[in-house]
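Q: I'd like to ask you about the structure that follows.
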Amino acid sequence: MKLKLVGPDHAGIECDALILLEFEGTPRPELASALAPFRESGEITGKFIEMTLLHSLPGHKARRILLAGAGKQDKFEVSSLWKLAAVAARLLKGKGVKVAAIALEAGFDSPDHVSAAVKAVIEAGWEPDQLKTNADKDGSRQIDELIVSVPAVTKSLEAAAQAGEIIGEASNLSRNISVEPPNKLTPMALAAHAQAMAKANGLSCEVLDQDRMRQLGMGALLGVAQGSAEPGAMVIIEYKPAKPAGDVRLALIGKGVTFDTGGISIKPSEGMEKMKYDMCGAAAVIGAMQAIARLKPSIAVTGIIPTVENMPGSKAQRPGDIVTSLSGKTIEILNTDAEGRLILADAITYAKQLGCTHLVDAATLTGAIVVALGNNQSGVFTNNDELLGQWMSAAKSSGEKMWHMPADDEFRELLKTVYADIGNVGGRAGGASSAAVFIKEFVGDTPWIHVDIAGTAWLDDAKPYMAKGPTGIPIGTFVKLAQNWK
Ligand code: BES
Ligand code: ZN
Ligand code: ZN
């Protein structure tokens, strides 16, 4: 998509459609007479996400104006603009619009707003139709050019627009990987995606195969992998800044279970097809590393992807098995469906062995987080308030919603077992927190964030702002965290 940032004269932009925001209670004065009948009839109120497509309005060069209801001005956040721009872009691409413009006026013209609008339009172009053979694919209608009008074109807004584009493209890359079916996206195929991304963006990438992982002692990951005919892997992607600011080395770790049957503790068949999404954390890391390679933040970032297929094959691990993790700690497998925390345990230990100073993991980890937070907010767990502050502000500025959840030591009690150092499940009560505290066991004192994206990584039904399927979350926060590092 072509991208252009222009000054405040949005009425003079020649385009197929111009998106204008209309806040509730503050009707746009310049359209007062043209829109009077709509406003009187209650057709245009400015309610959030209300969309009105108008043709050839006086005084405007745009062929159409899309009046986008923005809701109450004091409730309008970066995430609101992202959603509004996404709805608008999906509506316009459906109408065959090729050149679109959006006016970001004073008050919502910050770098975060500009980034969010651009990212939204790029993400709105994505459709999950890669494997449809029909020529009339859903994604064939695309916006080719976006013009963003702002009160004043500055270097920082130019950079923000470009960052929005880079992050939007990274998000779509990650969604393309996540939507692949599990017969094609095996752990090795996921590793190949990471390698291809790294090669295309000048990053180094190493894939540890099963033999190497056995030598290293990654017993927790290998225990999960052994139930599948497809071998598991650990992928390490490196970004090194030209002039590093300090000794920080941030690890971004993503759960890469290419399919989660539950293993011997097998899941019910209904809805099991969704468990191809259990590698969305890994795909977000691949996307984030691409964006980081292009945006070049000043800290070193290491992407780490433990990847396996959780299958109940004849060699599968059993409930009752005890495995020795890379850390040396023994784990009693009480439920083979709690596999994500097992592969993350070894990934986290490995990240620390590599010298990473800060750890962030993203994982579709628990059904319990979906019960607690639903599908709009990801659950955030930490052992470090300062890193939490950085993470939450990165989330806010990227428009991804996150909610801080407890990972207190009290939950450790639930994981006690007489036969090993720790058990891999802690019962139904507080299930998302006991999962987080299981991971924390391997983290030690290193500052760490765990994001449970089980409820947010996948949209079960298409929404006006997004196609059904992977959402790319938490790519925006990953990238902002690295970019804004203090
Ligand atoms: N990948 C799942 C998480 C999940 C489950 C996401 C259901 C969405 C819906 C994870 O590996 C898992 O199976 N977790 C179990 C843990 C339990 C056995 C302690 C869960 O949440 O049911
Ligand atoms: Zn599972
Ligand atoms: Zn899983």
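Q: Restricting to bridges with both residues inside the chain, how much of the DSSP beta-bridge set is antiparallel, in percent to the nearest 5?
A: Numbers: 28 of 71 bridges.
Here the antiparallel bridges make up roughly 40 percent for the chain.
Q: Under the rule of at least 5 residues apart or a separate chain, name every residue whose amide H is placed under 5 Å from the amide H of residue 463.
A: The list, which skips near neighbours in sequence, is 468.
Q: May I pose another question? Under 20 Å between C-alpha atoms is the cut-off here; go through the range 236-324 and count lysine pairs that meet it, provided they're at least eight residues apart or on different chains.
A: 7
Q: Additional query: Set the bar at 21 Å for Cα to Cα. Now go through 93/463; 4/396; 119/463 and name every pair that lies beyond it.
A: Pairs exceeding 21 Å: 4/396.
Q: Where in the range 307-356 are there trypsin sites (Lys or Arg not before Pro) that are in a DSSP coil and have at most 14 other Cβ atoms within 10 angstrom of their Cβ?
A: Answer in residue order: 315.
Q: Might you report the magnitude of the Cβ-based charge dipole of the chain about its Cα centre, with Lys and Arg at +1 and Asp and Glu at -1, to the nearest 20 debye? Walk me through the numbers on the way to the answer.
A: Values: 49 positive and 55 negative charges, 164 e Å.
It works out to roughly 780 debye.
Q: Shifting gears a bit: Calculate how steeply helix 280-295 sits against the longest principal axis of the alpha-carbon atoms of the chain, using the helix alpha-carbon long axis, and give the answer as 0 to 90 degrees to the nearest 10.
A: So the helix axis and the longest Cα principal axis differ by about 60 degrees.
Q: Further, regarding this structure: Using a Förster distance of 51 angstrom, determine the FRET efficiency expected from the C-beta separation of residue 153 and residue 314, and round it to 0.05. Walk me through the intermediate numbers first.
A: On the way: r = 64 Å, r/R0 = 1.25.
FRET efficiency, residue 153 to residue 314: 0.20.
Q: Something else about it: Given DSSP loops and a limit of at most 13 other Cβ atoms within 10 Å, what is the longest stretch of the chain that contains no such GluC sites (Glu not before Pro)?
A: Result for the longest clean stretch: 44-269.
Q: To continue, here is another question. Students often forget the sequence filter, so: which aspartates and glutamates lie under 13 Å Cα-Cα from residue 416 once same-chain residues fewer than 8 apart are removed?
A: Within reach: 332, 441.
Q: Pick out, from 10, 405, 380, the residue whose Cα sits farthest towards the positive end of the charge dipole of the chain, with +1 on the Cβ of Lys and Arg and -1 on the Cβ of Asp and Glu.
A: 10
Q: By the gyration tensor of its Cα atoms, with a ≥ b ≥ c the square roots of the eigenvalues, what is the shape of the range 2-152: rounded for a/c under 1.5, prolate for a/b over b/c, or oblate?
A: prolate
Q: Cα axis of helix 155-178 to longest principal axis of the chain: angle in degrees, 0 to 90, nearest 10?
A: Compared with the principal axis, the helix lies near 50 degrees.
Q: Here's something else I'd like to know. Can you give the accessible area per residue of the chain, in Å², using a 1.4 Å probe?
A: Numbers: 19130 Å² over 486 residues.
I get 39 Å² per residue for this part.
Q: Counting only helical runs of four or more DSSP H residues, what would the 222 nm mean residue ellipticity of the chain come to if each run contributes -39,500 (n - 2.57) and the total is spread over all its residues? Intermediate values should be presented prior to the final figure.
A: Values: 13 runs with 167 residues, N = 486.
About -11000 deg cm²/dmol.
Q: Counting only protein heavy atoms and using a 1.4 Å probe, what share of the accessible area of the range 208-356 belongs to carbon plus sulfur, as a whole percent?
A: Here carbon and sulfur together make up 50 percent of the probe-accessible area.
Q: Give the residue from 216, 280, 264 lying farthest towards the positive end of the charge dipole for the range 175-483; charges sit on Cβ (+1 for Lys and Arg, -1 for Asp and Glu) and the dipole is referred to the Cα centre.
A: Of the listed residues, the answer is 280.
Q: Also: Are there any trypsin sites (Lys or Arg not before Pro) in the range 1-104 that are in a DSSP loop and have at most 16 other Cβ atoms within 10 Å? List them by number.
A: On the way: sites: 2, 4, 39, 47, 61, 63, 64, 72, 75, 83, 90, 93, 95, 98; in loops: 47, 61, 63, 72, 95, 98.
Sites meeting the loop and neighbour criteria: 47, 61, 63, 72, 95, 98.
Q: Local charge sum around residue 386 (other residues, Cβ-Cβ under 14 Å, Lys/Arg +1, Asp/Glu -1)?
A: -1
Q: Taking only Cα atoms, what is the 0 to 90° angle, nearest 10, from helix 187-200's long axis to the longest principal axis of the chain?
A: 50 degrees
Q: Amide H to amide H under 5 Å from residue 149: which residues, 5+ apart in sequence or cross-chain, H placed 1.01 Å off N in plane?
A: Residues meeting the amide H criterion: 6, 102, 103, 104.
Q: Percent of accessible area on the range 2-152 owned by carbon and sulfur, 1.4 Å probe?
A: Its accessible area is 53 percent carbon and sulfur atoms.
The values are calculated or read from the model by the stated rules, or taken from the named source; none is laboratory data. All figures in this text were calculated on a predicted structure; none of them were measured in a lab. Every residue, glycine among them, receives a Cβ derived from its backbone with ideal geometry; neighbour counts consider all protein chains shown. Each accessible area value is taken on the protein alone, full model and side chains, heavy atoms only, with ligands, DNA and RNA left out. Shrake-Rupley method; radii C 1.70, N 1.55, O 1.52, S 1.80 Å.
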